[in-house]
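The values are calculated or read from the model by the stated rules, or taken from the named source; none is laboratory data. Here the structure is a predicted model, which means the values were calculated and not measured. FYI the Cβ positions are ideal-geometry reconstructions off the backbone, even for glycines, and counts take in every protein chain you see.
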Amino acid sequence: MFFQEEIQTLVNNNEGININGNNNVASGRDTNLYLSISKKEEQDWGIIEEIYNHIIASNKEFNSKEDVELSEDFVCLQEKIQINFQSDQIRRIEEMVMNVWTQKTLSEKFLKQKYQSSPMEVLSLLELVQSEYCRVKNVSATNSAIESISIIEELAKNFVPEKQKTNPLYLSNAKALVLHFFEFCDIGKKTSKEKDRKQ
């Protein structure tokens with residue numbers, strides 16, 4: 001499937017492809033619909049980017065790795081990591097969490113803000129994350145142990161737009177989003193304290 005830029009390049013290069021009307025090479029209205037969706041996606045990404053930039057600009061407390069390791073949130077998350085990952089992967093997942101800590105914090109703020117204005121969008125995102133988690137792990141319960149860091153990485157890649165799949169900024173933000181849902185008990189095995197809190 002052509003992306004909007006590729007189609008526009010063909011048109012600009014006078015390749016003779018008609019992208020308007022019902023007589024185009026991609027069966028008429030479907031191409032026009034696709035171009036509309038692409039423009040809408042670009043607009044949404046621009047809005048999300050602007051929101052993230054605003055959050056980053058207003059959040060001057062970027063934590064060092066030492067600050068993260070000493071934080072109460074990270075200490076609690078370490079217990080959760082211990083019961084969700086194989087022992088040979090624990091150090092790597094802890095490194096990943098520290099590397100994306102600021103983005104994870106921003107994701108949390110973004111989702112809280114988004115929930116206030118549009119709770120259904122956040123709940124729909126939660127459902128998507130949980131469904132993808134079950135699909136990728138081939139399980140029916142969202143509270144099964146994650147076991148492998150590759151699950152986090154695959155989920156993150158699934159949430160990145162196709163044209164940004166190799167962009168490290170998008171990948172780290174997607175990992176941060178997935179780790180946010182892990183931290184807040186939406187995916188993965190819960191600690192005994194978390195189980196008690198949910199009851």
Of all helices (runs of 4 or more DSSP H) fully inside the stretch 82-198, the set with 3 or more residues that are within 22 Å of Asn53 (Cα to Cα) and charged (D, E, K, R) is 101-117
Residue count, the stretch 119-152, condition over 13 Å from Phe181 (Cα atoms) and among the charged types (D, E, K, R), comes to 4
Pairs needed: first member in the stretch 166-188, assigned by TED's automatic domain parsing to the domain that holds Glu153 and on the phi < 0 side of the Ramachandran plot; second member anywhere, of a type in the set (D, E, K, R) and part of a helix (DSSP H, G or I); C-beta distance under 6 Å; at least 6 residues apart or different chains.
Ala176/Lys104; Leu179/Lys104; His180/Lys104; His180/Glu108
Quick check: is even one residue across the stretch 109-132 at pLDDT below 75 and not hydrophobic (A, V, I, L, M, F, W, C)?
no
Out of all the residues in the stretch 69-80, is one or more surrounded by 15 or more Cβ atoms within 10 Å (Cβ to Cβ), modelled with pLDDT of 90 or more, among the aliphatic types (A, V, I, L, M) and not in a loop (DSSP other than H, G, I, E, B)?
no
